[in-house]
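These notes concern the structure reproduced below.
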Amino acid sequence: MIANTGTPRSITGHAISGGLIAFMLSGAYAYAKYKRKEISKQEAIVDTLKASVEGGVITACGIAAANALGSNTKSTAQGIIEASAFVGIGLASVYGIQTLTNKSCCSAPKFLTKD
């Protein structure tokens, strides 16, 4: 055990609560941007949903890493490796979400040519 992180916490429960908190905060932020006519309604919805999923993933990975570092059943090296893996999964997940929702990534360019 590297640090006493207390009783292991529910990864699923924290993922849900992290997603809900991200939904509330990003929804308020996107709504404000929509009201100022900085983004469209569709963009506000997409940004809010994307942030909600990212918030859930980040929270779940953070809790899983904390559980790994505080586990009494693992050696220090095992805890560090497992925690690092969870952080890496979180990073890769957020990167994947950002890449998949990037407008230029998913929309094929339209080439118009005149014959």
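The values are calculated or read from the model by the stated rules, or taken from the named source; none is laboratory data. Nothing here was measured: the structure is a model prediction, and the numbers come from that model. Counting neighbours? That spans all protein chains shown, and the Cβs are built from the backbone with ideal geometry, glycine included. Accessible surface is based on the protein model in full, side chains and every heavy atom, while ligands, DNA and RNA are left aside. Shrake-Rupley method; radii C 1.70, N 1.55, O 1.52, S 1.80 Å.
When you scan the range 29-46, how many residues do you find that are in contact with a Ser or Thr (Cβ under 9 Å, 6 or more places away or on another chain), without any contact (Cβ under 8 Å) to a residue 24 or more places away in the chain and within 30 Å of ILE63 (Cβ to Cβ)?
3
I'm checking my understanding of the structure. Among residues of the range 68-115 that are within 17 Å of VAL46 (Cβ to Cβ) and either in contact with a Phe, Trp or Tyr (Cβ under 6 Å, 6 or more places away or on another chain) or not in a helix (DSSP H, G or I) (or both), which one is modelled with the highest pLDDT? Break it down into steps so the answer makes sense when it comes.
If we filter the range 68-115 for residues that are within 17 Å of VAL46 (Cβ to Cβ), which is where we start, we get 94, 96-107.
Filter once more, keeping what is either in contact with a Phe, Trp or Tyr (Cβ under 6 Å, 6 or more places away or on another chain) or not in a helix (DSSP H, G or I) (or both): 101-102, 107.
On the way: THR101: 85, ASN102: 81, SER107: 53.
This residue is THR101.
Hey, among the residues in the range 62-73 that are in contact (Cβ under 8 Å) with a residue 60 or more places away in the chain and under 16 Å from ILE11 (Cβ atoms), which one's most open to solvent (accessible area, probe 1.4 Å)?
Among those residues, the one meeting the criterion is LEU69.
Would you check which residues across the range 30-55 are in a loop (DSSP other than H, G, I, E, B) and not hydrophobic (A, V, I, L, M, F, W, C) and list them?
If the condition is that a residue be in a loop (DSSP other than H, G, I, E, B) and not hydrophobic (A, V, I, L, M, F, W, C), then ARG36, LYS37, GLU38, SER40 are the ones that fit.
Tell me, which residue of the range 2-31 that is open to solvent by less than 100 Å² (accessible area, probe 1.4 Å) and of a type in the set (S, T, N, Q) is farthest from VAL87 (Cα to Cα)?
Here the answer is SER26.
Table: residues versus (1) under 20 Å from HIS14 (Cβ atoms); (2) surrounded by fewer than 17 Cβ atoms within 10 Å (Cβ to Cβ); (3) of a type in the set (Phe, Trp, Tyr).
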| position | (1), (2), (3) |
| --- | --- |
| ALA60 | yes, no, no |
| PHE86 | yes, no, yes |
| LEU91 | yes, yes, no |
| VAL94 | yes, no, no |
| GLN98 | no, yes, no |
